[in-house]
Every structure is written in structure tokens, then in C-alpha cells.
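Working notes, beginning with the structure itself.
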Amino acid sequence: MARKQKEAIEVEGKVTESLPNASFRVELANSHEVLAYVSGKLKLNFIRVLPGDRVLVELSPYDLTRGRITYRFR
Amino acid sequence: MPRDGITIKSPGEIKLMREAGQIVAKAKAAVENAVQPGTETRELDELAEREIRGLGAIPSFKGYRAMAAVPFPATICTSINEELVHGIPGNRKLKDGDIISIDVGAIYEGLHGDSAFTLGVGDIDPEAERLIAATRESLNRGISKVRAGARIGDISAAVQTFAEKQGYAVVTQYVGHGIGFEMHEEPQVPNYGEAGRGPLIRKGMALAIEPMLNVGTKDTKQMDDGWTVVTADGSLCAHFEHTIVITERGAEVTTRLNGD
């Protein structure tokens, strides 16, 4: 029986702490904390992310503790 | 369990996988012989179930919940024409000119076998004939890349390049998978990808490789029954699958009758 391809899961969270190399600790809506890096598209468009921002994080189905920040909400 | 979640089977467990594979192969053969215009898909299902249980195994699809709301209700998947995979057997009668994909899975002493084939019913169009042959061959190309030391991406790339060279679209939403103690284990085995990438293939691993090729676009749609998947554009599609174990002797297909 074929298996459905696992895709990234998108979750919202609030940035808690800033770390070197455009990495941040983000606390998710479900109270999990993940290590997330800023996506290249945000960097390319000079969109800054700071602690306290509400962001969208893409999580890999293979490691739910690491993610990619793909959107910063107003 | 290793960090990447891939289970390794002991020689004893590999032996059981071979048995499970042979049972699946026999069930496939029985169903293949019963495919005629006028046969109901339900009959094929019942035949497969009798065969599997008669050989001392349990159907692995029946009751299977794959993150779906509804457990799969049958022993085999019967997918006709534009149905890609996971068709549910029922009252539908096969017609001359149809092509049907049959997927069979069984558990023997706790180890799994999973295999599928696509077959024409009566006389079919040369187009359909060509699709089926190409899909079967794309699986063989993928299997030829399986050896300890290779990567999953080698299989994926082999399937993709052959399929696309033949002019077919490779389905990306459904993938092959590791197999063994569960039907679906790590790693995912996509039918598209780059050679040299992906998890390392090691001795003791078992993979279910299952290329799905469409005549039209690669997009698929899920039907309301919660299981049946069809091509989004209604075009014909085919599916072949084998379970392969990796041993010191290299890759062995467990779901071909009489082994390798």
C-alpha cells in the first residue's frame, strides 16, 4: 500500500530569544519550544525578526524541534 | 533503533520477510488468474483473503488506519483505470479494456510483505499496454539500484529518469516506504529525486518500492470514501510494487514467486 508523502507542518509561534546566525527560539501555540532559523526569502527581502514577533514556522516531520521561520505577521 | 528510525532486520527476521513475500506473491498470482471481464472486484478480494489466510498469514490492509479516518475495509486494493491506488473492492464489475491495479499485503509471523501490479482486462489499448510495461520497467530500474552502500535517492532517480524518458508523469504525493515489523516504516522512498541523496541503504533494511505513473499530470485527488486516490485529470495510471530485502548477497525481491 502506498504511503502518503509527509510534508512540512506549518505552525504559528512567538519568538522568545534571538541566537547567533539568524536563529531564534520560538514558542509555539502548543507551548512547545523549537529552534528555528530565518528563511532565505525573509533575509533576501530584508525582513527582520525580533523577539516578541509572531511568526509562522515550518516544521519538518522528521524533527519536530527544529523549524524554519517563513513569515512574520504584522 | 538507529537515529534515522530505520529498523534493521536480523537474518531470522529476513527469512520471515521472504516467507511473507512468497505468500503475497502467491496471492497475487491467484488474483491475476481470476481477472476477467465480468469479475467483481469483491471476488478478487475474497480470493486473496482466502489465499493469504490459507497460507498461514494475515492480510495487512484490512483494518489498517494510515492517518485516515476510516480503516481500510478489505484485503487488497483494486484500482481501475483513472484510480491510482487504494481502490476499495466492491460490486464493480471489470470490463473488457479496463486496466486494474491490485495491491496485496500480508503479515507472516509479524513480518510484512507488500506488492502490487497493474493488469489489463481482456483486450486493452496499446497506450495502456505501453503504460503498464513502462511502469513495470521503472520498478525494475529502481530495484537494480538497491544495494548496501547506495542511497535511497539512487532508486528515486532511476525510477524518475526512466519514467520521464518514456513520457509519463511520476506521482509525487505517494511514496514507497521501509517495511518490516510495520507496513509503513522509515524511510520514505519517493519515485523522484536526486541520485546520491537520501538515507544510506544498509544490510538488514527492507524497502517497498512502488512507482506510480500517470499518462497525464502527476496530480492526484482523494475521493470521498477516504481512501481511493484518482488522477486529478482523469488520465490512466499504473502502479507496480515489490518488497526488497538487503542481505549480504545484495538485494532480494521477496514478492516474486520463488524468490529472486
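Cα convex hull, the range B:68-170: 147 Å³ per residue, rounded to a whole number. Within the listed set B:GLY56, B:GLY178, B:GLY21, the Gaussian network model of chain B (springs between alpha-carbon atoms below 10 Å) gives the highest mean-square fluctuation for B:GLY56. In the protein assembly as shown, inverting the average of 1/r over every pair of distinct C-alpha atoms gives 21.1 Å as the Kirkwood radius.
Between B:ALA148 and B:TYR64, full extension at 0.36 nm per residue minus the direct alpha carbon distance yields a gain of 27.2 nm.
Taking all protein chains together, B:PHE240, B:PHE181 sort by accessible area into B:PHE181, B:PHE240, largest first [probe 1.4 Å].
With Kirkwood's inverse mean 1/r over C-alpha pairs for Rh, give me the Rg to Rh ratio of chain B, two decimals please.
Working: Rg = 17.0 Å, Rh = 18.0 Å.
When Rh is taken as the Kirkwood radius, the ratio is 0.94.
As a length-normalised measure over Cα pairs under 8 Å and 6 or more apart, the relative contact order of chain B settles at 23 percent.
Of the whole protein surface, A:ARG3 contributes about 20 Å² of accessible area at a 1.4 Å probe radius. For B:LYS9, a cut-off of 22 angstrom between C-alpha atoms picks up these lysines, skipping any fewer than 8 places away in its own chain: B:LYS145, B:LYS203. Using only Cα coordinates, the Kirkwood hydrodynamic radius of the range A:34-74 works out to 10.5 Å. Once the cut-off is 19 Å, how many percent of the Cα-Cα pairs in the range B:116-260 end up in the long-distance tail? Percent of Cα pairs beyond 19 Å in the range B:116-260: 51.
Ordering B:THR118, B:ALA106, B:GLY198 by Cα displacement along the dipole of the range B:51-210 toward the positive end leaves B:GLY198 in first place; charges were set at the Cβ atoms of Lys, Arg (+1) and Asp, Glu (-1).
Averaged over peptide B:150-160, the number of partner chain Cβ atoms lying within 10 Å of each residue's Cβ comes to 0.
Ranked by solvent-accessible area (1.4 Å probe, protein heavy atoms only, all chains present), the residues B:MET223, B:MET67 order from largest to smallest as B:MET67, B:MET223. Dimensions of chain A from C-alpha coordinates, computed as largest minus smallest value along each principal axis and given longest first, are 45, 28, 24 Å. For the options B:THR231, B:THR41, B:THR217, a Gaussian network treatment of chain B with springs between C-alpha atoms closer than 10 Å singles out B:THR217 as fluctuating the most. Straight-line reach from A:LYS41: which aspartates and glutamates fall under 14 Å, measuring Cα to Cα and dropping same-chain residues less than 8 apart? Qualifying aspartates and glutamates at Cα under 14 Å: A:GLU58. Comparing mean-square fluctuations of B:ASP114, B:ASP45, B:ASP225 from a GNM of chain B with C-alpha springs under 10 Å, the top value falls on B:ASP225.
Take the Cβ atoms of B:ALA34 and B:ASN91, set R0 to 22 Å, and the FRET efficiency comes out at 0.85. For the residues B:THR39, B:THR161, a 1.4 Å probe over the protein chains yields an accessible-area ranking, largest first, of B:THR161, B:THR39.
In the range B:55-126, which GluC sites (Glu not before Pro) are in a loop and have at most 15 other Cβ atoms within 10 Å, using DSSP for the loop call? Those satisfying the criteria are B:GLU109. Summed over qualifying helices (DSSP H, 4 residues or more, each -39500 (n - 2.57)) and divided by its residue number, chain B shows a 222 nm mean residue ellipticity of -9000 deg cm²/dmol. The alpha-carbon atoms of the range B:159-229 define a convex hull whose volume equals 95 cubic angstrom per residue. In this simple spin-label model, placing a label point 7 Å from the Cα along the Cα-to-Cβ direction at both B:THR161 and A:LYS41 gives a separation of 3.1 nm.
Decide, for the range B:19-77, between rounded, prolate and oblate: order the square roots of the alpha carbon gyration tensor eigenvalues as a ≥ b ≥ c, take rounded if a/c falls under 1.5, and otherwise choose prolate if a/b is larger than b/c, else oblate. Taking the square roots of the gyration eigenvalues as a ≥ b ≥ c, the range B:19-77 is oblate.
The values are calculated or read from the model by the stated rules, or taken from the named source; none is laboratory data. Remember, predicted model here, so these are calculated numbers, not experimental data. Ideal geometry is used to build each Cβ from the backbone, glycine not excepted, and the neighbour counts take in all protein chains shown. Just so you know, the surface numbers come from the protein's heavy atoms only, side chains and all, with ligands and any DNA or RNA stripped out. Shrake-Rupley method; radii C 1.70, N 1.55, O 1.52, S 1.80 Å.
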